[in-house]
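Values in this text are rule-based calculations from the coordinates and carry no lab data. Keep in mind it's a predicted model, so treat the numbers as computed, not measured. Note that each Cβ is placed from the backbone with ideal geometry, even for glycine, and that neighbours are counted across all protein chains shown.
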Amino acid sequence: MSVKVGQVLWMRFKFNNSGDVSQSVHPYLIVDVDTDNNVCEIAQLDSAEGKMHKVLMRTNKLVQCRNPLETAITKDGFAQLDNTYRVELHEGLDNFKRTEDVISKIRLEGIIKAYRKYHEENEIDEDKNVYLTYAELIRIQ
C-alpha cells in the first residue's frame, strides 16, 4: 500500500449516507491511514473559485497552493471539516492519485490540526459520516 497522509486522491465519492454522489471528480486529501483497521480517512477539497464566502465558514479550512508552491494541488481552495469520509484501504487507491507528491508539511499540519479540532469540538452528523468499501468506491466512479 503506497497511499500516505498528505497525498491527494481524485475521485467521485458519496457526500452522505442518503446516497448523494458527486457528479464530478473532486480532490480528497488523505488525513489518516489506519493500517490496523484497514481504513483511509480523507477530507474533501473544494475550489475557492466563486466560493470565497465558504472559505470564511468555520466548517472549512483555507488551502492555498502557493507560498510554498504545492504540487499535489493546483488551485486555492478549502478542506471541508464537517464530515468524515473513510474508504477501505486497498492497493487500487493508488490509481486515484495524479502524483505521488504530498501537501507541504506546514500546510498539511495546519489542515490536519483544524480537521481534528473541528471533529473534537463538534458532533459530525451521522449522515455525513460515510464509509465506502473499495468495491463501492469503484462502482460509483
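Values computed for the structure shown
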read-out	value
Virtual spin-label span in nm between Ser24 and Thr133, 7 Å along Cα→Cβ	3.1
Candidate lysines for bridging to Lys4, where Cα separation is under 24 Å - those fewer than 8 sequence places away on the same chain excluded	Lys14, Lys61, Lys75, Lys97, Lys105, Lys113, Lys117, Lys128
Net dipole in debye of the chain [+1 Lys, Arg Cβ; -1 Asp, Glu Cβ; about Cα centre; nearest 20]	580
Relative contact order computed over the chain (Cα-Cα under 8 Å; 6+ residues apart), in percent	30
Where Rh is the Kirkwood radius over Cα pairs, Rg/Rh for the chain	0.93
